[in-house]
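Presented below is the structure to which this report refers.
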Amino acid sequence: MAEHPAYPVGLRLTGRRTVVLGGGQVAQRRLPALIAAGADIHLVSPEATPSVEAMADAGEITWHRRPYAEGDLATAWYALIATSDTEANTRASAEAEAHRVWCVRSDDADAATAWTPATGTSEGVTVAVLTTEARGRDPRRTAAIRDAVVEGLRDGTLVAPHHRTRVPGVALVGGGPGDPDLITVRGRRLLAEADVVIADRLGPRDLLAELPPHVEVIDAAKIPYGRFMAQEAINNALIEHAKQGKSVVRLKGGDPYVFGRGMEELHALAEAGIPCTVVPGISSSISVPGAAGIPVTHRGVAHEFTVVSGHVAPDDERSLVDWPALAKLTGTLVVLMGVDKIGRIAETLVAHGKSPDTPVALVQEGTTAAQRRVDATLATVAETVAAQEVRPPAVIVIGEVVAVGPRGTA
């Protein structure tokens, strides 16, 4: 046996009797996977850890509170031997051999008839890693290989596109505030599997360079028909490519539903009968201040924060923001898309009761290598923006939290 590698196989244990001897840490680690596999689990042990006992109390396993006895493995399909009694383990292993039950031994792997691989899952795929050598096995190395493969599948760095089960459609992916490391694991994986990517200017652009050569990348900012037709043109592009049987990712900055017009695109796709997946993203309203050392809430300073769009001025009839009400709040105000309107925003807040000395921070190109932070007050922010040449994209934070963190973190 020592001269040959183990033969890998996937056991289908649903409803099949599985016996676990011992209720200690080994059982605690192995039981969740057996429960997930639907096995009919019988635990034989006088004692168990609190976690294992909780599994029994929940009805996930059947606990026989006694030591191993001859005959416990007679009708089992699979056995895990993990007691601290070497003599009992040896007898149980012999019984398993006699009844042709595949048996794992935690105390002596070389005496077992089966080994437990290092396993992990990602989107319906189970990765199981075994060493080929019967002796001199290195569990830490197999676990490290498992982790590397699973992480690569999850974050998209290990590309394994679907072929048989892949369904054409659109994924609205929130790319986060700009740093490519801040996209979600699911978002990165879907991006790696895309045929077409329609990207916003504020999305994590560095990720586009990692895409395979066959992927068509469309700059949403350059889709024709003019400024006011741009969203309709984007909707049409999503529908057109999806109807061609392609997997399409709409890569957005931040979160699709935080001033991202994601619901408009979802409605257009639904009307066209196109399946759509929405992947939330890290919103710049929280992450960018955090990257600049500003907490949007802080004990004893701010118990709430409000996020508003500043793309139209307070005196614009199109504005839906109740600026007078915001001026009366004591928490943090985060303004997105408001750099060119910040002068009128500050004037309105002061006019309705906000102190002109209220701290303001503008964080430009947050979370990227070009990030910079400019501080001011409501009284000085307009002239500061002009003097410091602050340009979009920038997140504006108004409130006492601006002065809480160390300024050097910007």
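Check whether at least one residue in segment 204-212 is in the same structural domain as Lys246 (by TED's automatic domain parsing), among the aliphatic types (A, V, I, L, M), modelled with pLDDT of 80 or more and over 23 Å from the mean Cα position of the chain (by Cα), and report yes or no.
no
Are any residues in segment 310-330 without any contact (Cβ under 8 Å) to a residue 12 or more places away in the chain and under 35 Å from the mean Cα position of the chain (by Cα), and if so, which ones? Please lay out each step first, then the result.
First, the residues of segment 310-330 that are without any contact (Cβ under 8 Å) to a residue 12 or more places away in the chain: 316-320, 322, 325.
Correct list: Ser319, Leu320, Asp322.
Any idea which residue in segment 331-367 is farthest from Gly290 (Cα to Cα), counting only those that are among the hydroxyl-bearing types (Ser, Thr, Tyr) and in contact (Cβ under 8 Å) with a residue 60 or more places away in the chain? Spell out the reasoning first.
If we filter segment 331-367 for residues that are among the hydroxyl-bearing types (Ser, Thr, Tyr), which is where we start, we get 332, 348, 355, 358, 367.
Then drop every residue that is not in contact (Cβ under 8 Å) with a residue 60 or more places away in the chain, which leaves 332, 367.
Values: Thr332: 13, Thr367: 9 Å.
Taking the candidates together, the pick is Thr332.
Within segment 214-230, can one find any residue that is among the hydroxyl-bearing types (Ser, Thr, Tyr), closer than 24 Å to Val321 by Cα and assigned to a loop (DSSP other than H, G, I, E, B)? Full working, then the answer.
Going residue by residue through segment 214-230, those that are among the hydroxyl-bearing types (Ser, Thr, Tyr) are 225.
In the following step, the residues that additionally are closer than 24 Å to Val321 by Cα were identified as none.
Checked segment 214-230: no residue is among the hydroxyl-bearing types (Ser, Thr, Tyr), closer than 24 Å to Val321 by Cα and assigned to a loop (DSSP other than H, G, I, E, B).
Out of Thr90, Thr75, Thr83, which single residue is farther than 13 Å from Ala27 by Cα, among the β-branched types (Val, Ile, Thr) and in contact (Cβ under 8 Å) with a residue 24 or more places away in the chain? Steps first, answer last, please.
Details: Thr90 fails: in contact (Cβ under 8 Å) with a residue 24 or more places away in the chain; Thr83 fails: farther than 13 Å from Ala27 by Cα.
Checking each option against the conditions leaves just Thr75.
Find the residue count for segment 270-309, including only residues that are over 24 Å from the mean Cα position of the chain (by Cα), farther than 30 Å from Lys328 by Cβ and buried (at least 21 other Cβ atoms within 10 Å of the Cβ).
0
Give me the residue from segment 24-46 that is touching a Lys or Arg at 6+ places or on another chain (Cβ under 9 Å) and in a loop (DSSP other than H, G, I, E, B) and, out of that set, surrounded by the most Cβ atoms within 10 Å (Cβ to Cβ).
Ala39
Quick one: how many residues across segment 348-370 are under 28 Å from Leu182 (Cβ atoms), surrounded by fewer than 21 Cβ atoms within 10 Å (Cβ to Cβ) and at pLDDT 95 or above? Give the derivation first.
Step one: list which residues in segment 348-370 are under 28 Å from Leu182 (Cβ atoms), which gives 359-370.
Then drop every residue that is not surrounded by fewer than 21 Cβ atoms within 10 Å (Cβ to Cβ), which leaves 359, 365, 368-370.
Filter again for at pLDDT 95 or above, leaving 359.
Of the residues in segment 348-370, 1 are under 28 Å from Leu182 (Cβ atoms), surrounded by fewer than 21 Cβ atoms within 10 Å (Cβ to Cβ) and at pLDDT 95 or above.
What is the one condition in (1) surrounded by 18 or more Cβ atoms within 10 Å (Cβ to Cβ); (2) modelled with pLDDT under 95; (3) in contact with a Ser or Thr (Cβ under 9 Å, 6 or more places away or on another chain); (4) in a loop (DSSP other than H, G, I, E, B) that Tyr68 does not satisfy?
Single failed check for Tyr68: (2).
Is it true that Thr126 is surrounded by 16 or more Cβ atoms within 10 Å (Cβ to Cβ) and modelled with pLDDT under 85?
On the way: surrounded by 16 or more Cβ atoms within 10 Å (Cβ to Cβ): no; modelled with pLDDT under 85: yes.
It is false that Thr126 is surrounded by 16 or more Cβ atoms within 10 Å (Cβ to Cβ) and modelled with pLDDT under 85.
Mind checking which residues of segment 375-408 are in contact with a Pro (Cβ under 7 Å, 6 or more places away or on another chain) and over 19 Å from Ile286 (Cα atoms)?
Across segment 375-408, the qualifying residues are Thr377, Leu378, Ala379.
Quick check on this structure: which one of Lys252, Lys243 is surrounded by fewer than 17 Cβ atoms within 10 Å (Cβ to Cβ) and of a type in the set (Lys, Arg)? Step through it out loud before you land on a result.
Numbers: Lys252 fails: surrounded by fewer than 17 Cβ atoms within 10 Å (Cβ to Cβ).
Only one candidate passes the filter, namely Lys243.
The values are calculated or read from the model by the stated rules, or taken from the named source; none is laboratory data. The structure presented is a predicted model; accordingly, all values stated were derived computationally and were not measured. Backbone-built Cβ (ideal geometry, glycine too); neighbour counts: all protein chains shown.
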